[in-house]
Amino acid sequence: MKFRTLALAAAIASVGLSSAMFTPAAHAQASEQFFPVLVYRTGAYAANGNPWANGYVDYLKLVNAQGGINGVKLSFEECEFGYATDRGVECYERLKGKGATVFQPLSTGVTFAMTEKAPVDKIPLITSGYGRSESQDGTVFTWNFPLLGTYWVGADVAIQHIAKQMGGLDKLNGKKIALVYHDSPFGKEPIPLLQERAKMHGFDLQLLPVAHPGVEQKATWLQIRRDRPDHVLLWGWGVMNSTAIKEAQATGYPRDKMLGIWWAGAEPDVKDVGAGAKGYSALALQHGAEPNSKVVKDVLALVHDKGQGTGPKDEVGSVLYMRGLISAMLGVEGVAAAQERYGKGKVMTGEQVRWGLENLNLDQARLDAMGFEGVMRPVKTSCNDHMGAAWARVHTWDGGKWEFSSDWYEADASVLGPMVNDAATRYATEKGIQRRTAEQCAE
């Protein structure tokens, strides 16, 4: 199967940009750190996939414009997989031998497929805000890094937020909460956590799957109108999100009783609905739209104003653009951390970058220095904790823009911890994996 790279005219046409913007960097050479970039710029999820990819690539360009990672320049190549797991795996197989630094699958299904490949190929996986929730346990999932949060984090914070709106966790007893979810590994991932919370607090959890790509939801929303759940959680992606909000509007379900995961809380999800989406809220994976942040101003000045921007200038700083930009930053900082141990100014191997990602310490001073002040909270990983942070907040669509509407929430470790441990233990037993010891972690 032939894949599109940055220079292919078809991919360029799909986003309406000039070919000059998508000229790929040369394949990684000895002096370059190579970043494979899995994207979906075409198909049902392109409206959401494009800004993420543009933010990711723009950040790599920004690092180069600032001199690289201690002088090491970055190269990259895109591979279009259309959110199809088999094509995503083929992208991985195609690009892994080019000196890949780290893979970011941008798909929970692809993450599941790559989880067994990464230890063999010794290439780390960053799954920021998606992937396997139990991969937070680095003693079992040595090569997986669900940095910033997992879907169990998202589900836990969602229940905390709903409970706060109702006056406390005890007020959940006897209530109905419906989960409208993409019928895929992505959509199913929060279910165990929600079931655990339902047992703890006595609410009725209704599971309503929606088939890919999510444009047929009339029956789902008719059921919601009939059952009248107190709240609806939306675990969607791409066109599924705007369709859900439109169906809620059509059936009279109040948008202020809907709460989406962070992949259902960006501009493409609401802009076509406009005022009809007013009051709809979604989790934010720490950040929201950040047009006034220093890092965005740096991108505009050093990349876009130089004619090197990857996508439309007016999308820089939007929600999914920032998600891609932050994802790239996490990979770059993994390389920087590795260089502190293995040699500044040197190209790092995947194995060395894995060590760097396991020893990230992005404190507030470091974040501020990179231009992320006010955008996100510190991240600190370890051998045991490959996630590094469990914070989220909520933003609400006011009819024209996203506005933060909650304080920070932290997922409850007393709930998540045992679930992560149990699921990781089951996986280790099934795959014959020995947990790393404290001595092995210190190596």
Legend entry - For segment 75-144, radius of gyration divided by Kirkwood radius, i.e. Rg to Rh on alpha-carbons: 0.93
Legend entry - Net lengthening on full extension, L207/T429 (0.36 nm per residue, minus Cα-Cα): 77.0 nm
Inset, instruction - Counting residues in the chain as N, plug N into 2.2 N^0.38 Å and put the Cα Rg over that result. - result: 0.94
Legend entry - Amide H partners (placed H, <5 Å) of T127, local residues excluded: F145, L147
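Given R₀ = 45 Å, what would the calculated FRET efficiency be for N361 paired with A275, taking r from the Cβ atoms and rounding to 0.05? Each step should come with its number before you reach the end.
Numbers: r = 44 Å, r/R0 = 0.98.
E between N361 and A275, to the nearest 0.05, is 0.55.
Restricting things to alpha carbons, find the Rg to Rh ratio for segment 284-443 using the Kirkwood radius for Rh. Spell out each step's value before the answer.
Working: Rg = 18.6 Å, Rh = 18.2 Å.
Result: Rg/Rh = 1.02.
Ratio of segment 361-441's C-alpha Rg to 2.2 N^0.38 Å, to two decimals?
Details: Rg = 17.6 Å, N = 81, 2.2 N^0.38 = 11.7 Å.
Its radius of gyration relative to the 2.2 N^0.38 Å reference: 1.51.
Exceeding 24 Å between C-alpha atoms, which entries from my cross-link table qualify? They are K164/K218; K294/K401; K175/K271; K73/K117. Please report the intermediate quantities before stating the final value.
Details: K164/K218 30 Å; K294/K401 20 Å; K175/K271 31 Å; K73/K117 27 Å.
Flagged as over cut-off: K164/K218; K175/K271; K73/K117.
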Inset, instruction - Calculate one ³J(HN,Hα) per residue across segment 405-415 by plugging θ = phi - 60° into the Karplus curve 6.51 cos²θ - 1.76 cosθ + 1.60, and present them in order as whole Hz with x for glycine and proline. - result: 10, 8, 7, 6, 10, 10, 4, 7, 5, 5, 8
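Sorted by mean Cβ packing within 10 Å, highest first, what order do the peptides 375-387, 311-323 take? Write out the running numbers ahead of the final one.
On the way: 375-387: 19.6, 311-323: 22.2.
Result, highest mean Cβ count within 10 Å first: 311-323, 375-387.
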Inset, instruction - Averaging sequence separations of C-alpha pairs under 8 Å and six or more residues apart, then dividing by the length of segment 193-314, give the relative contact order as a whole percent. - result: 19 percent
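Taking the highest mean first, how do the peptides 84-97, 263-276, 420-433, 123-136 order by number of other beta carbon atoms within 10 angstrom per residue? Please list the in-between numbers first.
Working: 84-97: 18.1, 263-276: 21.3, 420-433: 14.6, 123-136: 26.4.
Ranked by mean Cβ neighbours within 10 Å, highest first: 123-136, 263-276, 84-97, 420-433.
Give the accessible surface of the chain per residue, rounded to a whole number of Å², with probe radius 1.4 Å and ligands, DNA and RNA excluded. Please report the intermediate quantities before stating the final value.
Values: 16500 Å² over 443 residues.
On a per-residue basis, the chain sits at 37 Å².
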Inset, instruction - Could you work out how far the C-alpha centroid of segment 158-182 sits from that of segment 70-140, in angstrom? - result: 34 Å
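Considering only protein heavy atoms and a probe of 1.4 Å, how much of the accessible area of the chain is carbon and sulfur, as a whole percent?
Working: 8110 of 16500 Å².
Carbon-and-sulfur percentage of accessible area, whole number: 49.
The values are calculated or read from the model by the stated rules, or taken from the named source; none is laboratory data. What you see is a predicted model, and the numbers here were worked out from it, not measured in a lab. Glycine gets a Cβ as well: all are built from the backbone with ideal geometry, and neighbour counts include every protein chain shown. Accessible surface is based on the protein model in full, side chains and every heavy atom, while ligands, DNA and RNA are left aside. Shrake-Rupley method; radii C 1.70, N 1.55, O 1.52, S 1.80 Å.
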